[in-house]
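> Here it is, the structure in full.
The values are calculated or read from the model by the stated rules, or taken from the named source; none is laboratory data. Since the structure is predicted, the reported quantities are computational estimates derived from the model, not experimental observations. Neighbour counts are summed over all protein chains in view; Cβ atoms, including those assigned to glycine, are modelled from backbone coordinates with ideal geometry. Only protein heavy atoms, including side chains, enter the accessible area calculation; ligands, DNA and RNA are left aside. Shrake-Rupley method; radii C 1.70, N 1.55, O 1.52, S 1.80 Å.
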Amino acid sequence: MRTMLCPRCWGGTARRGCTYCGGDGRADDVLLSPHFWLSELVRSDRALRLGLRNDPSPDQVRSLTRLSLGLLEPVHDEFGPLAVTSGLRLPRVNGALPGASDTSAHPAGWAADIQPIRSGVTLKAIVDWVIASGLAFDQVIYEGTWVHLGLYRPRGMQQRRQALMAFPAAGGRMRYQAYDPSDRRVAA
């Protein structure tokens, strides 16, 4: 059985009373789809550093599984291995990230930020492919150094099929606008 660092206590001093891992700092990892593990989608450097829980509920695991099967696997099949830079972010973790949206799909397990691992694969190519693919998605966002993939809107709202791009604006906030593949800031 594959294990992961416990996303509730992160293997720290609080692990003695941790009911998620039973106190040993490790928890069972779960294969969500052919290429994506739960550990990839709950890992959070910010949560680890701040000691914030990021342990998924059964509903969030189901959402992460549907995200993996519905979006991450098709993108993987087209472009090869992907690095998940952010998946599930429980509300306290999401709130600890500068500029994170209060309406983010990350806390519900419906979104992941990814980067291609294969040399020569661009973020623009991924965004363009997702838009043209006919896949069900709520949002695809070109964010400069990663792509945000959202499967459903939070709270079961209808999918928007939004294609956006985001770049830093004044005050460090991200400025979102309609995706324009010809924008010079979108690297080919």
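> Take the conditions at positive phi and touching a Gly at 6+ places or on another chain (Cβ under 8 Å) and apply them to GLY109. Does it pass?
Numbers: at positive phi: yes; touching a Gly at 6+ places or on another chain (Cβ under 8 Å): yes.
Spelling it out, GLY109 is indeed at positive phi and touching a Gly at 6+ places or on another chain (Cβ under 8 Å).
> Here's another thing I want to ask about it. Of all the residues that make up region 114-138, how many are buried (at least 19 other Cβ atoms within 10 Å of the Cβ) and either touching a residue at least 60 places away in the same chain (Cβ under 8 Å) or closer than 16 Å to PHE167 by Cβ (or both)?
3
> Within the group MET174, MET165, which residue is open to solvent by 20 Å² or more (accessible area, probe 1.4 Å) and either farther than 27 Å from THR65 by Cα or not small (Gly, Ala, Ser) (or both)?
Numbers: MET165 fails: open to solvent by 20 Å² or more (accessible area, probe 1.4 Å).
Exactly one residue qualifies, and that residue is MET174.
> Among the listed residues THR85, THR103, which satisfies the condition of being among the β-branched types (Val, Ile, Thr), more than 23 Å from PRO34 (Cα to Cα), open to solvent by 10 Å² or more (accessible area, probe 1.4 Å) and out of contact with any His (no Cβ under 6 Å at 6 or more places or on another chain)? Give the steps one after another, and end with the answer.
On the way: THR85 fails: more than 23 Å from PRO34 (Cα to Cα).
Going through THR85, THR103 in turn, just one is among the β-branched types (Val, Ile, Thr), more than 23 Å from PRO34 (Cα to Cα), open to solvent by 10 Å² or more (accessible area, probe 1.4 Å) and out of contact with any His (no Cβ under 6 Å at 6 or more places or on another chain): THR103.
> Just name the residue that is farthest from GLU143 (Cα to Cα) out of those in region 86-118 that are of a type in the set (Val, Ile, Thr) and at pLDDT 95 or above.
Once the filter is applied, the top-ranked residue is ILE117.
> Name the residues in region 10-46 that are without any contact (Cβ under 8 Å) to a residue 24 or more places away in the chain, touching a helix residue (DSSP H, G or I) at 6+ places or on another chain (Cβ under 7 Å) and hydrophobic (A, V, I, L, M, F, W, C), would you?
CYS21
> Could I ask something else about it? Kindly establish whether ASP102 is assigned to a loop (DSSP other than H, G, I, E, B) and over 24 Å from TRP10 (Cα atoms). Show your work before the answer.
On the way: assigned to a loop (DSSP other than H, G, I, E, B): yes; over 24 Å from TRP10 (Cα atoms): yes.
Yes: the conditions hold for ASP102.
> So CYS6 clears everything in (1) in contact (Cβ under 8 Å) with a residue 40 or more places away in the chain; (2) within 22 Å of LEU149 (Cβ to Cβ); (3) not basic (Lys, Arg) except one condition, right? Which one?
(2)
> Output the qualifying pairs, or none if there are none: Cβ atoms under 7 angstrom, residues six or more apart or on different chains, first residue in region 94-111 and of a type in the set (A, V, I, L, M, F, W, C), second residue in a helix (DSSP H, G or I) and open to solvent by 40 Å² or more (accessible area, probe 1.4 Å).
ALA96/ARG46; ALA96/LEU50; LEU97/ARG46
> Something else: Looking at LEU52, LEU32, which one is modelled with pLDDT of 90 or more and over 30 Å from GLY134 (Cα atoms)?
Values: LEU32 fails: over 30 Å from GLY134 (Cα atoms).
Just one listed residue meets the conditions, LEU52.
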